[in-house]
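Q: I'd like to ask some things about the structure below.
The numbers here are math on the coordinates, done by the rules we state, and not lab data. Computed from a predicted structure; not experimentally measured. Cβ: placed from backbone, ideal geometry, glycine included. Neighbour counts: every protein chain shown.
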Amino acid sequence: MKFFSQTQWNLKNCVIFLDVDGTLVGEGGSKLDKASLKAFSKLKKNNTLILCSNSPKKERTQKLAEQLNVDWTKGSHKKPHKEVLGELKFPKNKKKVMIGNLFCIDGRFAKNISAQFFPVKTVVSPHEAWPNKFFYIIDRYFFSLWI
Ligand SMILES: [Mg+2]
């Protein structure tokens, strides 16, 4: 499995829901590195991108969305619940894709909204708490089996 920054998908005409923490940035991060920005720009050319974060740091996500010039999940619903979709505007006739690092949240969300799930390797920030790191392992080796 690759980090988002290493991916080279040839996606066109899709609505892409993009997880933030652990996918675009490390937990709580607010800036994409060069490689991630490049991968992001490539996807943005031919698709509708929406930042899809469960983080309580809404201001961070809003800023990031504004910088990247895409929509984001401002509503009260959270992944993996499909009600998240009701709070967003996007072309309904297009194929849906969910890109994220967690099977138990992003993978289940994809299933709930009939999107294709593209899992990516988790970006772990240097100050990441050990329970998080432990959880990433559980997610990868356990949750991934029954999603
Ligand atoms: Mg994540």
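Q: If packing is taken as the average number of other Cβ atoms within 10 Å across a peptide's residues, how do 31-41, 11-21 rank, most packed first?
A: 11-21, 31-41
Q: I need the per residue convex hull volume for region 1-110, using only the alpha carbons, in cubic angstrom as a whole number.
A: Numbers: hull volume 10.7 nm³, N = 110.
Looking at region 1-110, the number lands at 97 Å³ per residue.
Q: Just report the Cα centroid separation between region 26-59 and region 60-115, whole Å.
A: Going from one Cα centre to the other spans 12 Å.
Q: Given the rule -39500 (n - 2.57) for each run of at least 4 DSSP H residues, summed and divided by the residues of the chain, what is its mean residue ellipticity at 222 nm, to the nearest 500 deg cm²/dmol?
A: Details: 4 runs with 41 residues, N = 147.
Dividing the helical sum by the residues of the chain leaves -8500 deg cm²/dmol.
Q: Could I ask something else about it? From a point 7 Å beyond the Cα of S55 in the direction of its Cβ, which residues of region 1-27 have a backbone N at a distance under 14 Å?
A: Label zone hits: 18-27.
Q: Where does each of 103-114, 124-135, 61-72 land if you order them by average Cβ count within 10 Å, highest first? Let's see the in-between values first.
A: Working: 103-114: 19.8, 124-135: 11.2, 61-72: 15.8.
So the order, starting with the most tightly packed, is 103-114, 61-72, 124-135.
Q: For L102, what residues show an amide H to amide H distance below 5 Å, using hydrogens built from the backbone and excluding near sequence neighbours?
A: So L102 has HN proximity to G107.
Q: Still on this structure, please answer the following. Among the lysines, which fall within straight-line cross-link reach of K74, defined as a Cα-Cα distance under 16 Å, with same-chain neighbours fewer than 8 residues apart omitted?
A: Counting by Cα, and skipping residues close in sequence, K74 has these lysines nearby: K57, K58, K63, K82, K89.
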